[in-house]
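Beneath this line is the structure, given in structure tokens, with notes to follow.
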Amino acid sequence: MTTALCFHCGATKFGALCPCGTCGGPASGDSDLDIAFSDHYMSVGSLKKFGKIIRQIARQTDDDEVRMWSFLNYVSIYHSSILTVDTPPELVRLVEPILQNIDLRAFEVVNKRPRLDEGPPPQSGRSSSIVVQSVFEATQRRIRGFCRC
Ligand SMILES: [Zn+2]
């Protein structure tokens, strides 16, 4: 069974594309993103460290979009081998103060598949074009289609 990160509450959950067993939050709706933050690609210890970042962000905002983009910005800045993002201009002013208020010490991601760090990162092309709508609106449909929990 896959262990993955819940982008809502920061817990580790079972199944990258499944709802979180802790908070009930759905997967992101972007299966590349969901699987990038699963034990297919990184150690469970690294997932838990990303979870701590999500919890710090979630304490500052109730807005799903702002929380998600704050986390994606953090990853883009400190772990750019995983993904990079272009934040929509209207969200930058909301995301920046949140990033300033959390403990953003970078940590070393332990990759399950070391090749993730060599050559072109497999997620960078797709993830740099993540659109907020595609992340959130497609979620329920995808879960029904792909969840094997
Ligand atoms: Zn959760």
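Every read-out reported here was derived from the displayed coordinates using simple, explicitly stated rules and does not represent laboratory data. Predicted, not measured: the structure shown is a model, and the values here were computed from it. Cβ placement follows ideal geometry from the backbone for every residue including glycine, while neighbour counts extend to all protein chains displayed.
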(request) Can you spot the aspartates and glutamates whose alpha carbon is less than 13 Å from Lys48's alpha carbon? Ignore those fewer than 8 places along the same chain. (result) Asp39, Glu108
(request) Determine the dipole magnitude for region 1-117: charges of +1 sit on the beta-carbon of Lys and Arg, -1 on that of Asp and Glu, nothing else is charged, the reference point is the Cα centre, and the result goes in debye to the nearest 20. (result) 560
(message) Need the full-extension length gain, Ser80 to Glu96, defined as separation in residues times 0.36 nm minus the C-alpha distance. One decimal, nm.
(response) 4.0 nm
(message) What does the C-alpha gyration tensor say about the overall shape of region 1-121? Classify as rounded when a/c is under 1.5, otherwise prolate if a/b is larger than b/c, or oblate.
(response) oblate
(request) Calculate, in nm to one decimal, what Asp32 and Val110 gain on full extension: separation in residues at 0.36 nm each, minus their alpha carbon distance. (result) 26.2 nm
